[in-house]
Amino acid sequence: MNSDWTGELAALATALCFAFGSTLFTLAGREIGAQLVNRTRLFVAVVLVIILHWLTLGSFLPLGVASDAVFWLALSGLLGLAAGDAFLMQAFVLVGPRLSMLMMATSPAFSVIMARVLLDESLKESQIAGIVITLCGLALVVTDTRGQSGVLSSEPDNRRLYIIGLLCGLGGSMGQAGGTVLSSMGLRGGIEPLSAVLIRLSTAMILVWLLTIVRGQFLPSFTRLRTHPRGLLRLFGGTVMGPVLGVWLSLIAVQRTAVGITSTLIALTPIFLIPISYFVFKETVTRRAILGTLIAFAGTVMLFT
């Protein structure tokens, strides 16, 4: 670990970026649709990262990257940014950023389990306890009928959408976990973090837009964006905060401090979202929800002790 705290500060900044970015994506998704937000933000992110790559590293594209690193990073982009984030964007629309990012708190637990299966890493007793505690904290929050602004009412449609939203959040969490494990494999060769971000984003963007073309949604996507300038502006802001600055800072953190410290600090995102959700979305954040969030965070910390 470096003594200058660069990695720790980068991880903390990542959590803040993800908190504000998820808020902007939620506002945009409720205006123009979750999947349109996902594919457009990937395109915008690739353009911005290419420019940033040129300004900081002197080339528009990553050069001299080993083929095996490209493979793992590309696979990470497909799983984490194309599939995982598609689920996450839908969760934002259905249950809001606070609950969605709280479901993402399970990502470190999934990462530990995947590392056990794929990398043959052993599970400690403290990690098993951390997974259980995280799930207990989540259970406290998601069953809090007073803090969900009516989505847990007796209306079947409301309950169904709420459950779908939570499942989408879990899908996003699993995608991010898989992407994190694969990214760590791609970063072993000492590749520049920004180059790694560009490889991941580009791969995800190409896949998502190819599917858009196949489904005949290419031109309708641009029409909808043109008629919703406010949604496009929010989408742009969320892209800068999340896939560009947030992902870049997270990879800097992974390279400059322990993975456990990085994951723990990034897991602060749901806590940062409590005041944001209260002021922006007028959510009723109960003491039970706050307690559950803190318990889930404590469980996440235990995964890396």
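A short reminder: the numbers here are calculations on the coordinates, not readings from a lab. Just so we're clear, the structure is a prediction, and the values are computed from it rather than from any experiment. Because the Cβ atoms are built from the backbone with ideal geometry, glycine has one as well, and the counts that use them run over all protein chains shown.
Determine, for Arg41, Arg230, the number of other Cβ atoms within 10 Å of each Cβ, and report the residues in order from fewest to most.
Arg230, Arg41
Can you give the percent of C-alpha pairs in segment 252-305 whose distance is more than 15 Å?
53 percent
Could you list Leu123, Leu268 so that the one with the fewest beta carbons within 10 Å of its beta carbon is first and the one with the most is last?
So the residues, fewest neighbours to most, are Leu123, Leu268.
Using all C-alpha to C-alpha distances in segment 1-145, build P(r) with 10 Å bins and read off the rounded percent in each one.
Binned Cα distances yield the sequence 9, 26, 38, 22, 4, 0.
Compute the distribution of all C-alpha to C-alpha distances in segment 203-305, in bins of 10 Å from 0, and list the percent of pairs in each, rounded to whole numbers.
12, 26, 30, 24, 8, 0
Quick one: dipole size for the chain, taken about the Cα centre, charges +1 on Lys/Arg Cβ and -1 on Asp/Glu Cβ, in debye to the nearest 20.
For the chain, the charge dipole is close to 800 debye.
Using only alpha-carbon positions, what ratio does the radius of gyration of the chain give when scaled by 2.2 N^0.38 Å?
0.96
Give me the dipole magnitude in Debye, nearest 20, for segment 172-278 about the Cα centre, with unit charges on the beta carbon: positive for Lys and Arg, negative for Asp and Glu.
For segment 172-278, the charge dipole is close to 320 debye.
Charges on Cβ only, +1 for Lys and Arg, -1 for Asp and Glu, centred on the Cα centroid of the chain; of Ser107, Ala11, Phe281, which one is farthest towards the dipole's positive end?
Phe281
Order of Leu27, Leu57, Leu207, Leu251 from fewest to most other C-beta atoms within 10 Å?
The order, fewest Cβ neighbours first, is Leu57, Leu207, Leu27, Leu251.
Return the FRET efficiency for the residue pair Ile50, Trp5: r is the Cβ-Cβ distance, R0 is 25 Å, and the value is rounded to the nearest 0.05.
Given R0 = 25 Å and the Cβ-Cβ separation, E is 0.25.
Among the helices of the chain (complete DSSP H runs), which have Cα atoms covering no less than 27 Å along the helix axis and a Kyte-Doolittle mean of at least 1.0?
What comes out of the filter, once short or polar helices are dropped, is 6-32, 34-57, 193-214.
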